[in-house]
Amino acid sequence: MNPPPIVRIRGLSKRYGDVSVIEDLDLDIAAGEHLAVIGPSGSGKTTFLRVLMTLERPDSGTIEIEGEDLWLMKRNGALIPANPAHLRRVRAKVGMVFQHFNLFPHMTALRNVTEAPIHVLGLSRAQAAQRGVELLAKVGLEDKLDSYPHQLSGGQKQRVAIARALAMQPKVMLFDEVTSALDPELVGEVLGVLRQIARETEMTMIVVTHLMEFAREIANRVIFFDRGRVREDAPPDEIFTNPSHPRTREFLRAVQLTA
Amino acid sequence: MRIDWGAAWSALPVLLQGLLVTLQVTLLGMSLALLLGLVWTLSRRSPRRWISYPAAGFVEAIRSTPLLVQVYFLFYVLPSYGIRLSPLATGVVAVGLHYSAYTSEVYRAGIEGVPRGQWEAAIALNLRPLQTWMSIILPQAIPPVIPALGNYFIAMFKDTPILSAIAVLEVMQTAKILGSETFRYLEPFTLVGLLFLGLSLVAAALVRWAERKLGVRSASP
Amino acid sequence: MSGVTIDLELLPPLFKGLTVTIQIFSGAAGVAVVAALGGGLGRLSGRCWIRAPATCYIEVFRGTSALVQLYWVFYVLPFFGIEIGAMAAGILVLGLNAGSYGAEIVRGSILAVPRGQIEAAIALNLTPFQRMWRIVLPQAAAAMIPPATNTLIELLKNTSLVSLITIADLTFQGQIIRASTLKSAEVFLLLLALYLALSMVIRTFMRRIEKRYSLSWRPVGGLT
Ligand SMILES: Nc1ncnc2c1ncn2[C@@H]1O[C@H](COP(=O)(O)OP(=O)(O)O)[C@@H](O)[C@H]1O
Ligand SMILES: [Mg+2]
């Protein structure tokens with residue numbers, strides 16, 4: 001028998017006006033899994049992560065994290081819409097790294113990393129700083145603790161953002177095309193950090209990426225997203241060498257041509 | 001104390017007459033401000049420092065000092081130089097001069113928004129400076145700043161009660177006279193407030209309409 | 001008319017008026033800051049019983065003028081049995097008037113903070129209050145300073161209106177001296193110079209605050 005999934009999604013749908021961005025999605029993600037999400041631009045990958053991060057409210061369906069519903073809570077045996085306290089408690093298990101970093105420009109690199117641990121997790125300043133320095137050292141930025149975001153390169157910014165998300169010790173971490181806003185020569189340093197995290201932590205990772213080589217290397221499972229649906233769900237070796245769905249084949253061919 | 005609707009009703013016609021003067025002052029003042037503002041802007045762009053520096057300093061000084069004191073200055077000082085104006089004319093000159101400092105800033109922003117290439121094209125076509133300004137630059141610089149000018153028009157309208165200090169018979173002064181005659185300030189002053197509020201809201205809606213029409217955003221003053 | 005000469009005897013009463021002007025300006029500026037934050041945040045609130053009064057306050061004070069408001073509070077409020085004295089009326093009305101413009105500055109600057117900043121704060125699980133206080137407001141504050149400087153200058157200019165409700169400020173003293181000495185040109189030029197000097201002090205002060213506050217984290221030319 002399999003252990004229960006850490007993320008369990010049933011019948012998830014999200015629309016913007018008339019456009020259906022996610023359609024009736026069912027997905028189980030196991031604890032510790034490294035899931036790569038690939039698919040054409042506009043297929044709903046970012047929306048999928050944003051719904052998981054509670055940045056968007058789904059129109060229907062359920063998301064459970066470690067068996068707890070994200071958008072609903074139990075009260076007197078009945079399920080009612082989640083209140084902010086419930087949302088915050090479940091959300092604490094999820095972290096996210098954004099395509100455009102979204103670092104806080106008015107804080108140094110170190111404070112970007114320590115702010116939430118101090119004010120959300122309740123760590124003392126000293127504890128938070130110690131952890132922050134460790135994390136920034138881990139992403140290779142021990143000499144940039146006191147730099148402000150505008151003094152950092154894109155790759156350095158994204159590494160600070162990764163350290164910031166790690167500092168909250170989420171169980172599930174979402175990465176949304178974390179290299180696609182970077183100049184080509186800076187992509188490598190960020191991928192290196194992701195590889196290291198994948199190697200060294202137990203964390204569940206959901207990685208949206210358009211770098212197929214990287215997806216293949218880091219993931220133990222790949223899903224192909226197309227028009228709001230999962231068209232194919234397979235181990236990387238299978239999906240990249242022998243895709244079963246015609247849309248996957250089409251997509252992979254197109255990506256190869258442009259790469 | 002309760003509102004006496006009868007008193008309010010009988011005050012209204014007189015107040016509306018005062019409002020007419022207010023609108024008259026605003027329209028004349030704005031015309032002056034639109035004209036003078038352009039003069040300041042062009043002077044500030046002059047390559048001759050003895051023109052551009054004083055113009056810039058003058059605009060800055062006007063913007064940084066109270067309209068009321070400027071009104072007093074014109075009202076009490078001009079006559080001793082032999083310039084005798086009615087209170088109304090003094091008021092028009094005062095608000096026109098004061099707001100010309102603001103319209104000048106607006107024009108400047110508009111002119112700076114015209115792409116460099118337009119100037120270069122005018123040189124390439126060998127246009128004279130006056131032709132360049134009249135047919136190339138200003139037609140492009142002015143329309144985008146019309147809403148901003150509209151906002152200053154509203155601001156000027158709301159500032160005209162200051163002219164009651166030199167007894168211009170605009171709406172505030174009318175209300176003060178009514179109040180001192182009847183010993184009831186409640187109705188006339190409240191009505192004046194409502195008149196300003198109503199007209200400002202309508203005018204602000206017009207400005208927003210113009211913004212949409214012209215596809216521009218303007219910060220309100 | 002001979003040349004303008006400045007009579008030293010004019011100075012003591014003018015300086016007395018100057019002190020009153022500075023007092024009113026400082027008091028009203030304090031009121032304005034509080035009202036601007038309350039009004040601006042209130043107008044952004046999701047709750048309509050907070051948003052409606054905030055919007056009302058802003059629209060009423062921006063839609064009528066400072067002098068009308070001063071007269072109303074000074075002459076009409078006593079009819080309702082509310083007597084607050086000229087000085088308090090001046091500080092309160094001018095402060096609320098400037099605050100209504102400030103509220104729109106606060107609102108605009110908050111709305112201008114990129115959405116991604118709030119999303120990052122949500123992802124880090126900060127509470128709504130922490131998001132506003134620690135992430136949004138510090139960034140918005142930097143954008144507020146230049147327009148707030150202009151609002152403060154307008155406030156300083158508006159302080160002259162209190163002379164019309166019997167307060168002996170700089171303008172009032174100028175009028176008295178003019179009436180007794182008939183040296184109109186000298187008196188009013190001196191008055192204008194003093195107001196200009198105060199404006200320059202305000203501008204310098206605000207520029208210094210802006211430098212101190214944002215020099216470290218804002219690249220030259222603002223954030224991109
Ligand atoms: N806030 C929004 N409002 C309206 N449409 C949106 C919004 N966000 C995303 N979309 C649309 O949803 C679709 C999926 O977008 P997204 O999830 O960003 O795709 P991906 O990340 O796979 O490129 C796109 O067609 C996009 O235009
Ligand atoms: Mg995307």
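The values are calculated or read from the model by the stated rules, or taken from the named source; none is laboratory data. In this text, all values refer to a predicted model and were calculated from it rather than measured experimentally. Backbone-built Cβ (ideal geometry, glycine too); neighbour counts: all protein chains shown.
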Filtered residues of the range B:55-88 (kept if within 18 Å of C:Arg178 (Cα to Cα), among the hydroxyl-bearing types (Ser, Thr, Tyr) and surrounded by fewer than 22 Cβ atoms within 10 Å (Cβ to Cβ)): B:Tyr76, B:Ser80, B:Tyr81
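With respect to A:Arg8, determine if the residue is at pLDDT 95 or above and more than 16 Å from ligand 1 (Cβ to nearest atom). Steps first, answer last, please.
Numbers: at pLDDT 95 or above: yes; more than 16 Å from ligand 1 (Cβ to nearest atom): yes.
Here the answer is yes, as A:Arg8 does meet what is asked.
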Only one of (1) within 16 Å of ligand 1 (Cβ to nearest atom); (2) within 14 Å of another protein chain (Cβ to nearest Cβ); (3) of a type in the set (Lys, Arg); (4) buried (at least 18 other Cβ atoms within 10 Å of the Cβ) is not met by A:Arg111, so which one is it? (1)
Restricting the range A:195-209 to residues that are in contact with a strand residue (DSSP E or B) (Cβ under 9 Å, 6 or more places away or on another chain) and in contact (Cβ under 8 Å) with a residue 40 or more places away in the chain, which is nearest to ligand 1 (Cβ to nearest atom)? A:Val208
In the range B:27-69, anything among the basic types (Lys, Arg) and outside any helix (DSSP H, G or I) is listed as B:Arg45, B:Arg48
Looking only at the range A:166-180, count how many residues are within 16 Å of ligand 1 (Cβ to nearest atom) and crowded, with 22+ Cβ neighbours inside 10 Å. 4
For the condition within 16 Å of ligand 2 (Cβ to nearest atom) and under 18 Å from the mean Cα position of the chain (by Cα), what is the one hit in A:His34, A:His100? A:His100
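A quick yes/no check of all residues on (1) touching a Lys or Arg at 6+ places or on another chain (Cβ under 8 Å); (2) more than 30 Å from A:Val187 (Cβ to Cβ):
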position: A:Lys74; (1), (2): no, yes
position: A:Gly122; (1), (2): no, yes
position: A:Glu134; (1), (2): no, no
position: A:Glu142; (1), (2): no, no
position: A:Leu152; (1), (2): yes, no
Yes/no for A:Thr62 being in contact with a Lys or Arg (Cβ under 8 Å, 6 or more places away or on another chain) and surrounded by fewer than 18 Cβ atoms within 10 Å (Cβ to Cβ): yes
Assuming A:Leu55 fulfils every condition listed in (1) within 13 Å of another protein chain (Cβ to nearest Cβ); (2) away from ligand 1 (no atom under 16 Å from the Cβ) apart from one, which condition is it? (2)
Here is a check on your reading of the model: is A:Lys157 crowded, with 17+ Cβ neighbours inside 10 Å, in contact (Cβ under 8 Å) with a residue 60 or more places away in the chain and more than 16 Å from ligand 2 (Cβ to nearest atom)? no
Single match in C:Ile153, C:Ile91, C:Ile176 (criterion: out of contact with any Leu (no Cβ under 8 Å at 6 or more places or on another chain), at the interface with chain B (Cβ under 10 Å from one of its Cβ atoms) and either of a type in the set (A, V, I, L, M, F, W, C) or farther than 30 Å from A:Thr47 by Cβ (or both)): C:Ile153
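Could you please let me know if B:Val14 is within 14 Å of chain C (Cβ to nearest Cβ), in contact with a Leu (Cβ under 8 Å, 6 or more places away or on another chain) and either surrounded by 20 or more Cβ atoms within 10 Å (Cβ to Cβ) or in a helix (DSSP H, G or I) (or both)?
Against the criterion (within 14 Å of chain C (Cβ to nearest Cβ), in contact with a Leu (Cβ under 8 Å, 6 or more places away or on another chain) and either surrounded by 20 or more Cβ atoms within 10 Å (Cβ to Cβ) or in a helix (DSSP H, G or I) (or both)), B:Val14 does not qualify.
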Restricting the search to the range C:24-60, which residues are out of contact with any helix residue (DSSP H, G or I) (no Cβ under 8 Å at 6 or more places or on another chain), in a helix (DSSP H, G or I) and farther than 19 Å from C:Thr149 by Cβ? C:Cys48, C:Trp49, C:Ala52, C:Cys56
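Just checking: which of the helices (runs of 4 or more DSSP H) contained wholly in the range B:114-201 hold 2 or more residues that are over 16 Å from B:Tyr99 (Cβ atoms) and within 8 Å of chain C (Cβ to nearest Cβ)? Steps first, please.
Details: elements: B:116-124, B:138-141, B:146-159, B:171-182.
In the range B:114-201, B:171-182 are the helices (runs of 4 or more DSSP H) which contain 2 or more residues that are over 16 Å from B:Tyr99 (Cβ atoms) and within 8 Å of chain C (Cβ to nearest Cβ).
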Subset of the range A:165-222 (residues that are within 16 Å of ligand 2 (Cβ to nearest atom) and polar (S, T, N, Q)): A:Thr179, A:Ser180, A:Thr209
Can you tell me which condition C:Tyr57 does not meet? The list is (1) under 26 Å from B:Leu163 (Cα atoms); (2) free of Cβ contacts under 8 Å to residues at least 12 places away in the same chain; (3) hydroxyl-bearing (Ser, Thr, Tyr), and all the others hold. (2)
Checking A:Gly61, A:Gly39 in turn, the sole residue that is closer than 25 Å to A:Gly17 by Cα, touching a residue at least 40 places away in the same chain (Cβ under 8 Å) and touching a helix residue (DSSP H, G or I) at 6+ places or on another chain (Cβ under 6 Å) turns out to be A:Gly39
Which one is nearest to ligand 1 (Cβ to nearest atom), of the residues in the range A:41-52 that are within 14 Å of another protein chain (Cβ to nearest Cβ) and out of contact with any Lys or Arg (no Cβ under 7 Å at 6 or more places or on another chain)? A:Thr46
Of (1) within 13 Å of ligand 1 (Cβ to nearest atom); (2) buried (at least 18 other Cβ atoms within 10 Å of the Cβ), A:Val19 fails just (2)
Residue under evaluation A:Gly17, criteria (1) in contact with a Gly (Cβ under 9 Å, 6 or more places away or on another chain); (2) away from ligand 2 (no atom under 16 Å from the Cβ), criterion not met: (1)
Is it fair to say C:Phe80 is more than 19 Å from C:Thr166 (Cα to Cα), within 14 Å of another protein chain (Cβ to nearest Cβ) and among the aromatic types (Phe, Trp, Tyr)? yes
Can you pull out every residue in the range A:65-98 that is within 16 Å of ligand 1 (Cβ to nearest atom) and surrounded by fewer than 18 Cβ atoms within 10 Å (Cβ to Cβ)? none
If C:Ala141 satisfies every condition in (1) under 22 Å from B:Ile166 (Cα atoms); (2) surrounded by fewer than 20 Cβ atoms within 10 Å (Cβ to Cβ) but one, which is the exception? (1)
For A:Asn102, only one of the following conditions fails: (1) under 29 Å from A:Val193 (Cα atoms); (2) of a type in the set (S, T, N, Q); (3) away from ligand 1 (no atom under 16 Å from the Cβ). What is its number? (3)
In the set A:Ser13, A:Ser20, A:Ser41, the lone residue that is among the small types (Gly, Ala, Ser) and touching a strand residue (DSSP E or B) at 6+ places or on another chain (Cβ under 6 Å) is A:Ser13
Answer residue from the range A:210-259, given it is within 16 Å of ligand 1 (Cβ to nearest atom), surrounded by 19 or more Cβ atoms within 10 Å (Cβ to Cβ) and without any contact (Cβ under 8 Å) to a residue 60 or more places away in the chain and is farthest from A:Ser41 (Cα to Cα) among those: A:Glu232
Hey, can you tell me all the residues within the range A:48-85 that are within 16 Å of ligand 2 (Cβ to nearest atom) and within 15 Å of A:Ser13 (Cβ to Cβ)? A:Phe48, A:Arg50, A:Val51, A:Leu52, A:Glu56
